[in-house]
Amino acid sequence: MSVLSVLPRPIVAAPMAGGPSTPALAAAVSAAGGLGFLAAGMISADRLAADVAEVRTRTDRPFGVNVFLPDASGGAVDEAAVRAYAERLAPEARRHGVTLGEPVGGDDAYPEKLAALLADPVPVVSLVFGLPDRAAVAALRERGTEVWATVTSPDAASEAVGLGVDAVVVQGTEAGGHRGGLPDDDDYGVLPLLRLVAARCDRPLVAAGGIADGAGVAAVLTAGATAAQLGTAFLRCPEAGTSPMHRAAVASTAPTALSRAFTGKRARGVVNDFLRRHDGSAPVGYPQVLHLTRPLLAAAKGSGDASVANQWAGQAHALATETPAGDLVAELTAGARAALTAAVERSAAWG
């Protein structure tokens with residue numbers, strides 16, 4: 001049986017690379033009957049192995065690992081455009097007392113992480129920034145690991161099914177953080193995308209994007225999802241590794257926007273001065289732009305400068321609460337049940 005078919009509660013904690021996703025958060029969500037995830041992005045294979053081991057000491061429930069695929073930009077990067085962006089950002093870096101990083105490419109140690117997950121299998125591996133190759137899907141499944149693909153278009157969902165994945169994560173444009181598919185210029189909201197994918201896909205669907213309370217969970221379950229994936233909703237949990245500055249931004253009512261300004265790949269975060277200044281000039285280029293801006297963004301985070309540091313968040317971030325992760329899983333499930341019951345009661349009056 002699949003993990004989703006036996007999940008006591010239809011809640012998946014979205015993987016959030018860069019610090020918010022921790023072994024404590026993943027374990028707490030899984031222990032509460034949801035499915036917790038570790039974020040393997042931007043860490044070493046050794047660190048991933050240590051995080052997996054820690055989750056296992058905290059819970060015996062299933063959990064997942066999310067991995068970045070190597071071709072995150074979906075093709076060749078315009079190096080001249082990246083150099084021009086570096087020139088634009090240089091004065092800002094000097095003001096923060098740092099030198100911009102080298103805009104190099106890279107595969108986020110994907111081969112090493114895949115090898116680690118094949119050697120020490122976990123229940124679920126989800127993949128973002130494109131679709132995996134058929135051989136990787138087959139190798140993981142042979143070791144008893146379910147493979148989930150993240151898509152942002154109906155065509156990508158059909159292609160993922162053809163590769164043999166076990167489930168499809170349907171990510172709407174409302175979601176916080178990076179767009180999970182390629183190309184990343186999609187514009188589908190989660191509900192229309194979910195319905196379009198459901199019409200052509202025979203795999204279980206996990207809906208992601210702007211879901212932050214029980215009613216939102218109920219909405220996507222009604223629209224065809226087997227479970228709801230929430231990230232921003234967990235950012236204020238005590239188990240999350242979210243910085244105080246990021247927690248404050250999530251707790252605010254500030255607007256969000258999609259931008260390449262921080263990493264060269266479209267990602268949704270709370271709007272700040274850096275985004276406003278540079279959004280129109282940022283080129284396509286991940287991880288090149290990420291490596292370029294990393295010293296500047298790290299300095300801003302270290303000094304608590306919210307006008308520069310990226311603070312990923314989905315459109316419904318103001319609904320996030322400061323609640324222990326296990327309690328939040330229970331609250332989301334109860335809220336979804338109440339919303340579904342209320343909808344059924346209202347439907348009784350229809351002619």
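The values are calculated or read from the model by the stated rules, or taken from the named source; none is laboratory data. Source: prediction; values computed, not measured. Positions of Cβ are generated from backbone atoms using ideal geometry, with glycine treated the same way; all protein chains shown enter the neighbour counts.
Structure above, values below:
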quantity: Residue satisfying condition, being touching a Phe, Trp or Tyr at 6+ places or on another chain (Cβ under 6 Å) and either modelled with pLDDT of 95 or more or over 21 Å from L131 (Cα atoms) (or both), within set G231, G264, G180; calculated: G264
quantity: Residue in the range 333-348 that is at pLDDT 95 or above, β-branched (V, I, T), farther than 24 Å from A31 by Cβ and in a loop (DSSP other than H, G, I, E, B) present; calculated: no
quantity: Qualifying residue in the range 37-57 (condition: under 22 Å from the mean Cα position of the chain (by Cα), at pLDDT below 95 and of a type in the set (D, E)); calculated: no
quantity: Residues within the range 28-44 that are within 28 Å of G106 (Cα to Cα) and either of a type in the set (S, T, N, Q) or surrounded by fewer than 17 Cβ atoms within 10 Å (Cβ to Cβ) (or both), tallied; calculated: 2
quantity: Filter result for the condition that a residue is touching a His at 6+ places or on another chain (Cβ under 7 Å) and surrounded by 13 or more Cβ atoms within 10 Å (Cβ to Cβ), over P123, P62, P103; calculated: P103
quantity: Which numbered condition G97 fails, given (1) under 27 Å from Q288 (Cα atoms); (2) buried (at least 16 other Cβ atoms within 10 Å of the Cβ); calculated: (2)
quantity: Condition check for Y110: over 30 Å from V12 (Cα atoms), among the aromatic types (F, W, Y) and either assigned by TED's automatic domain parsing to the domain that holds L290 or crowded, with 17+ Cβ neighbours inside 10 Å (or both); calculated: no
quantity: Filter pass, L117 being farther than 19 Å from T263 by Cα and surrounded by 13 or more Cβ atoms within 10 Å (Cβ to Cβ); calculated: yes
quantity: Flag for V289 being in the same structural domain as G304 (by TED's automatic domain parsing), surrounded by fewer than 23 Cβ atoms within 10 Å (Cβ to Cβ) and either part of a loop (DSSP other than H, G, I, E, B) or on the phi < 0 side of the Ramachandran plot (or both); calculated: no
quantity: Per-region count, the range 1-27, residues assigned to a helix (DSSP H, G or I) and either over 18 Å from the mean Cα position of the chain (by Cα) or surrounded by fewer than 24 Cβ atoms within 10 Å (Cβ to Cβ) (or both); calculated: 5
quantity: Close pairs from the range 29-55: first under 21 Å from L290 (Cβ atoms), partner of a type in the set (D, E), Cβ under 7 Å, at least 6 apart; calculated: L38/D51; G41/D108; M42/D108; A45/E112
